[in-house]
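Visitor: Supplied in structure tokens, the structure appears directly below.
The values are calculated or read from the model by the stated rules, or taken from the named source; none is laboratory data. No experiment lies behind these values; they were computed from the predicted model shown. FYI the Cβ positions are ideal-geometry reconstructions off the backbone, even for glycines, and counts take in every protein chain you see. With ligands, DNA and RNA removed, areas are computed over all heavy atoms of the protein, side chains included. Shrake-Rupley method; radii C 1.70, N 1.55, O 1.52, S 1.80 Å.
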Amino acid sequence: MLLTGAEIVMECLLREGVEVMFGYPGGAILPTYDAMTKYPQIRHVLVRHEQGAAHMADGYARATGRVGVAIATSGPGATNLVTGIGTAMMDSSPIVCITGQVPRGAIGSDAFQEIDITGITLPITKHNYLVNDVRELAYTIREAFHIARTGRPGPVLVDIPKDVQNEKIEFEYPEGPIRLPGYRPPSAADDDQLAAALELIQQAKRPVILAGHGILMAGASNELRELSERAQIPVTLTLLGKGAMPENHPLCVGMMGMHGAAACNYAIQEADLLIALGMRFDDRVTGNLKTYSPNSRKIHVDIDPSEINKNVKVDVGIAGDVRTVLAQLLPHVPSKQHPEWITQIRDWQEDGDERDILHYESEGKLFGAQVINDLWKYTGGDAVTVTDVGQHQMLEAQYYPHQRPETLLTSGGLGTMGFGLPAAIGAKFGKPDEEVWAIVGDGGFQMTMCELATAMQEGVKVNIAILNNAFLGMVRQWQEFFYEERYQATPMYSPDFVKLAEAFGIPAMRVTSRDQIEESVNFARSHETTVLIEYVIEKEEIVYPMVPAGADLHNMLRRPKPGEKQQS
Amino acid sequence: MTENHKQTVVALVENKPGVLNRVASLFRRRNFNVDSLTVGRTHKPHISRMTIVVDAARTDGRRIAANLFKLVNVIDVKLVSEEPYVSRDLALVKVRTDDAESRNAVTLICERYPARIVDIGTKVAIIEITAQEDIVEALIHELEPIGIVELVRTGVVAMGRGVRILDADYEPPVMMGHENGSYQVYGV
Ligand SMILES: Cc1ncc(C[n+]2csc(CCOP(=O)(O)OP(=O)(O)O)c2C)c(N)n1
């Protein structure tokens with residue numbers, strides 16, 4: 001078959017099972033856009049900004065576990081992808097980005113729209129390629145998908161000069177195994193490691209499991225649950241680990257870290273054994289490393305060997321696939337009971353419950369926490385929620401318990417404002433039968449709200465909940481605590497979101513009191529199209545608990561119990 | 001600083017454009033301090049070999065190895081200094097030899113080292129030494145009072161002793177850019 005490079009690209013995408021790609025055309029990628037006309041099986045979604053394309057690919061990938069694809073032109077098209085690529089890198093999300101490049105002969109000449117995108121993205125991709133020869137193209141795209149989805153997943157960028165896209169060759173798809181001599185993701189643990197881990201589990205009196213994103217990506221939820229139940233080990237979750245264990249499970253304590261449940265943080269600090277599974281001891285979950293879980297032995301299972309002993313020195317480090325390793329361990333894990341430990345954790349949880357803002361008189365105010373809690377209630381706790389970054393994100397993590405994997409999509413590692421709406425659109429493409437909610441702040445929403453047009457053009461339905469507090473809320477909270485309430489550049493003017501939505505043809509509603517929340521969910525469900533709901537919430541709400549950056553994990557700022565005085 | 005604080009990592013890498021850049025970028029990005037990094041071709045045209053020496057007090061060689069392992073173009077990595085190994089550094093040192101005293105001193109010093117004079121004139125001489133890094137350093141130290149005017153070192157290359165072999169059977173699927181039979185060790 002005589003094919004152009006561009007047709008080879010499309011042929012390879014088809015072979016990879018790609019059903020949708022998110023992108024934006026331009027000169028250097030035009031041959032590939034033209035080739036798309038011959039491949040109607042692959043749907044192209046025209047975004048409004050390439051950052052949106054990368055986030056959509058990312059949202060698609062997180063919702064499905066399959067590789068998301070973004071495509072852009074050279075120069076500014078490519079640089080607009082960068083934030084999305086960085087976001088995917090930090091959260092190990094498998095995406096493949098295809099960019100056009102100026103023709104080979106022009107590379108290095110500062111040609112129109114030439115940018116060194118492989119140089120720019122080198123530290124924020126798992127791997128990247130500049131394809132110099134059309135004969136390498138098919139191998140490269142196969143490798144790109146393989147690298148993106150296997151091992152510790154991540155973004156891969158393939159930069160293709162325009163003349164390579166145009167060149168014709170006799171094409172045969174390269175079947176057979178992929179030969180990547182330097183790419184061998186670890187899988188299983190060896191016997192010594194297993195024995196050492198079992199020994200620690202056997203001895204532990206106050207064990208805690210720390211479950212992360214790796215559990216979801218390895219599909220190890222069942223194994224996690226079995227380990228927890230068999231040895232009665234309480235489970236704490238990272239933000240990206242939410243969904244790894246049903247949050248209504250009696251052994252699931254909740255989310256750990258900066259805005260985690262106090263009970264989780266106390267449990268981690270008091271534990272005599274941490275079993276860290278598919279998580280990476282990010283500073284947002286450890287706080288001060290010097291005082292982090294000082295009396296515990298530590299087992300760490302992660303597919304990335306460079307994560308072991310990176311932030312926290314461990315007693316048993318196992319570089320392996322967490323599902324494989326748990327399957328190796330489970331047959332030998334003893335049944336155990338730790339009633340005192342479990343009771344202690346329950347007490348911490350009860351104390352936390354008493355401080356819940358939901359027990360406060362709202363005095364006519366609408367709290368963000370109430371909105372999320374009620375969204376949880378009226379969506380049956382079963383929606384796919386996609387958040388932006390800020391207070392609403394932490395409130396979602398606290399007040400929307402998730403029962404199954406891949407139902408909370410959020411930018412954890414990079415904390416990218418603007419992620420919410422495009423990632424929700426991508427997620428909906430991956431899971432068309434699920435109810436998808438984008439939960440965003442007034443600030444982050446305005447970073448990528450141009451994608452409202454994409455949602456309408458493509459006829460995709462997401463429900464957008466804007467929690468409008470007229471502030472960059474999370475930054476305002478830091479200013480309140482640490483900068484004596486000097487609210488520099490955090491009060492935020494916004495357009496009339498309901499009118500804005502209407503300008504896009506999007507049904508919209510404004511909610512100002514708690515008794516309208518149920519109605520707003522019904523309103524969202526009653527429309528076939530994307531819907532926008534603005535929740536006008538209390539301006540100066542605080543997300544508690546909070547571990548100030550760099551503080552000891554147990555030294556949280558807590559909300560006082562109703563009737564108690566604020567601690568100072 | 002003794003040799004004991006030094007760790008030596010050897011990496012086999014694909015001989016492709018940009019690989020050195022990836023390695024250098026990794027060190028910068030992770031804030032790894034390296035004492036020396038050398039790269040050269042091997043007996044297999046598509047494989048190059050890097051030797052990286054680090055000061056363990058500042059950067060743990062095991063972390064470097066774990067991170068190098070993650071690079072797709074790095075075929076294999078080994079911390080060779082964990083087991084018996086041979087290492088060599090090569091230096092060319094240009095020293096002042098503009099009087100009889102300095103010429104004599106240089107000759108005498110060279111006799112006590114695996115060094116030789118490869119160029120000599122009425123003003124300067126070039127001394128070549130190939131030896132373990134600490135011996136090269138000792139020679140440089142002795143030459144200093146005479147007057148070093150120019151100096152270049154290759155950086156350390158290393159190899160594990162005995163039958164432990166670091167090699168790869170890998171052949172690339174498409175041999176690119178090698179048609180004319182001349183294999184280059186690509187830089188950035
Ligand atoms: C792209 C980007 N810029 C800046 C920040 C810093 N930042 C973190 S949270 C936040 C405020 C978010 O405000 P908003 O979107 O209104 O959400 P809220 O906190 O009020 O829920 C800011 C500015 C960020 N995370 N990402």
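Visitor: Can A:ARG179 be described as closer than 30 Å to A:THR87 by Cβ, not in a strand (DSSP E or B) and not polar (S, T, N, Q)?
Guide: no
Visitor: Restricting to region B:37-70, name every residue that is more than 14 Å from chain A (Cβ to nearest Cβ) and open to solvent by less than 20 Å² (accessible area, probe 1.4 Å).
Guide: B:THR38, B:THR51, B:ILE52, B:VAL53, B:VAL54, B:ASP55
Visitor: If you don't mind, another one. Does at least one position in region A:443-451 carry a residue that is farther than 25 Å from A:TYR24 by Cβ and touching a residue at least 40 places away in the same chain (Cβ under 8 Å)?
Guide: No, region A:443-451 has no match at all.
Visitor: Have a look at A:ALA453, A:ALA427 and point out the one that is closer than 18 Å to A:THR87 by Cα, away from the ligand (no atom under 15 Å from the Cβ) and not acidic (Asp, Glu).
Guide: A:ALA427
Visitor: Something else about it: Any residue in region A:164-182 that's more than 9 Å from every other protein chain (Cβ to nearest Cβ): show its pairings with residues that are assigned to a loop (DSSP other than H, G, I, E, B) and among the β-branched types (Val, Ile, Thr) at Cβ separation under 8 Å, as long as the two are six or more apart or on different chains.
Guide: Pairs found: A:VAL164/A:VAL131.
Visitor: Scan (1) more than 30 Å from A:PRO155 (Cβ to Cβ); (2) at pLDDT below 95; (3) basic (Lys, Arg) for the single condition B:ARG63 breaks and write down its number.
Guide: (1)
Visitor: Right, next: Can we say A:PHE481 is more than 12 Å from the ligand (Cβ to nearest atom) and closer than 26 Å to A:ASN373 by Cα?
Guide: yes
Visitor: Kindly provide the set of residues from region A:137-151 that are touching a Pro at 6+ places or on another chain (Cβ under 7 Å) and within 13 Å of another protein chain (Cβ to nearest Cβ), ordered by number.
Guide: A:ALA138, A:TYR139, A:ARG142, A:ALA148, A:THR150, A:GLY151 - these are the residues of region A:137-151 that are touching a Pro at 6+ places or on another chain (Cβ under 7 Å) and within 13 Å of another protein chain (Cβ to nearest Cβ).
Visitor: Any residue at all in region A:374-384 that is open to solvent by less than 50 Å² (accessible area, probe 1.4 Å), modelled with pLDDT of 95 or more and within 16 Å of the ligand (Cβ to nearest atom)?
Guide: Yes, some residue in region A:374-384 is open to solvent by less than 50 Å² (accessible area, probe 1.4 Å), modelled with pLDDT of 95 or more and within 16 Å of the ligand (Cβ to nearest atom).
Visitor: Give just the number: which of (1) over 28 Å from A:THR32 (Cβ atoms); (2) free of Cβ contacts under 8 Å to residues at least 60 places away in the same chain; (3) among the basic types (Lys, Arg) does A:ARG152 not satisfy?
Guide: Checking A:ARG152 against (1) over 28 Å from A:THR32 (Cβ atoms); (2) free of Cβ contacts under 8 Å to residues at least 60 places away in the same chain; (3) among the basic types (Lys, Arg), the one that fails is (2).
Visitor: So which residues in region A:72-85 are over 22 Å from the mean Cα position of the chain (by Cα), surrounded by fewer than 24 Cβ atoms within 10 Å (Cβ to Cβ) and in a helix (DSSP H, G or I)?
Guide: Selection gives A:PRO76 alone.
Visitor: Looking only at region A:294-322, count how many residues are buried (at least 24 other Cβ atoms within 10 Å of the Cβ) and either among the polar types (S, T, N, Q) or away from chain B (no Cβ under 14 Å) (or both).
Guide: 4
One line per residue, one yes/no per condition, for (1) among the hydroxyl-bearing types (Ser, Thr, Tyr); (2) near the ligand (Cβ under 9 Å from one of its atoms); (3) buried (at least 24 other Cβ atoms within 10 Å of the Cβ):
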| position | (1), (2), (3) |
| --- | --- |
| A:PRO422 | no, no, yes |
| A:LYS431 | no, no, no |
| A:GLU434 | no, no, no |
| A:TRP437 | no, no, yes |
| A:VAL440 | no, yes, yes |
| A:PHE445 | no, yes, yes |
| A:LYS461 | no, no, no |
| A:ILE464 | no, no, yes |
| A:ALA470 | no, yes, no |
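Visitor: Looking only at region A:114-131, how many residues end up being open to solvent by 60 Å² or more (accessible area, probe 1.4 Å) and either away from chain B (no Cβ under 14 Å) or free of Cβ contacts under 8 Å to residues at least 40 places away in the same chain (or both)?
Guide: 2
Visitor: I'd like to check something: does region A:496-514 contain any residue that is under 21 Å from A:ALA455 (Cα atoms) and among the polar types (S, T, N, Q)?
Guide: No, because not a single residue in region A:496-514 is under 21 Å from A:ALA455 (Cα atoms) and among the polar types (S, T, N, Q).
Visitor: Give A:VAL96, A:VAL134, A:VAL69, A:VAL156 a once-over and let me know the one that is within 13 Å of another protein chain (Cβ to nearest Cβ), under 23 Å from A:ALA218 (Cβ atoms) and open to solvent by less than 10 Å² (accessible area, probe 1.4 Å).
Guide: Only one candidate passes the filter, namely A:VAL156.
Visitor: Show me the helices (runs of 4 or more DSSP H) entirely contained within region A:92-171 in which 2 or more residues are in contact with an Asp or Glu (Cβ under 6 Å, 6 or more places away or on another chain).
Guide: Because the criterion is at least 2 residues that are in contact with an Asp or Glu (Cβ under 6 Å, 6 or more places away or on another chain), the helices (runs of 4 or more DSSP H) in region A:92-171 that meet it are A:117-121.
Visitor: If a residue counts only when it is open to solvent by 20 Å² or more (accessible area, probe 1.4 Å) and not aliphatic (A, V, I, L, M), which helices (runs of 4 or more DSSP H) contained entirely in region A:206-290 have at least 3 such residues?
Guide: Answer list for region A:206-290: A:221-230.
Visitor: Then there is this: Given the conditions (1) part of a strand (DSSP E or B); (2) within 14 Å of chain A (Cβ to nearest Cβ), which single one is not true for B:VAL95?
Guide: Condition not satisfied by B:VAL95: (2).
Visitor: Only residues that are at positive phi and either in a helix (DSSP H, G or I) or within 16 Å of the ligand (Cβ to nearest atom) (or both): list them for region A:486-512, please.
Guide: A:ALA489
Visitor: Does region B:139-147 contain any residue that is over 30 Å from A:ILE178 (Cβ atoms) and either assigned to a loop (DSSP other than H, G, I, E, B) or at pLDDT below 95 (or both)?
Guide: So far as region B:139-147 goes, no, none of its residues is over 30 Å from A:ILE178 (Cβ atoms) and either assigned to a loop (DSSP other than H, G, I, E, B) or at pLDDT below 95 (or both).
Visitor: Just one of A:GLU518, A:GLU564, A:GLU540, A:GLU528 is open to solvent by 50 Å² or more (accessible area, probe 1.4 Å), assigned to a helix (DSSP H, G or I) and not hydrophobic (A, V, I, L, M, F, W, C); which is it?
Guide: Sole residue among the options that is open to solvent by 50 Å² or more (accessible area, probe 1.4 Å), assigned to a helix (DSSP H, G or I) and not hydrophobic (A, V, I, L, M, F, W, C): A:GLU518.
Visitor: Still on this structure: It is to be established whether one or more residues within region A:403-411 are within 13 Å of the ligand (Cβ to nearest atom) and outside the structural domain of A:SER221 (by TED's automatic domain parsing).
Guide: Yes: region A:403-411 contains one or more residues that are within 13 Å of the ligand (Cβ to nearest atom) and outside the structural domain of A:SER221 (by TED's automatic domain parsing).
Visitor: I'm told A:LYS365 meets every condition in (1) within 21 Å of the chain's Cα centre (by Cα); (2) within 16 Å of the ligand (Cβ to nearest atom); (3) surrounded by fewer than 18 Cβ atoms within 10 Å (Cβ to Cβ) except one. Can you identify the failing condition by its number?
Guide: With (1) within 21 Å of the chain's Cα centre (by Cα); (2) within 16 Å of the ligand (Cβ to nearest atom); (3) surrounded by fewer than 18 Cβ atoms within 10 Å (Cβ to Cβ) applied to A:LYS365, the lone miss is (1).
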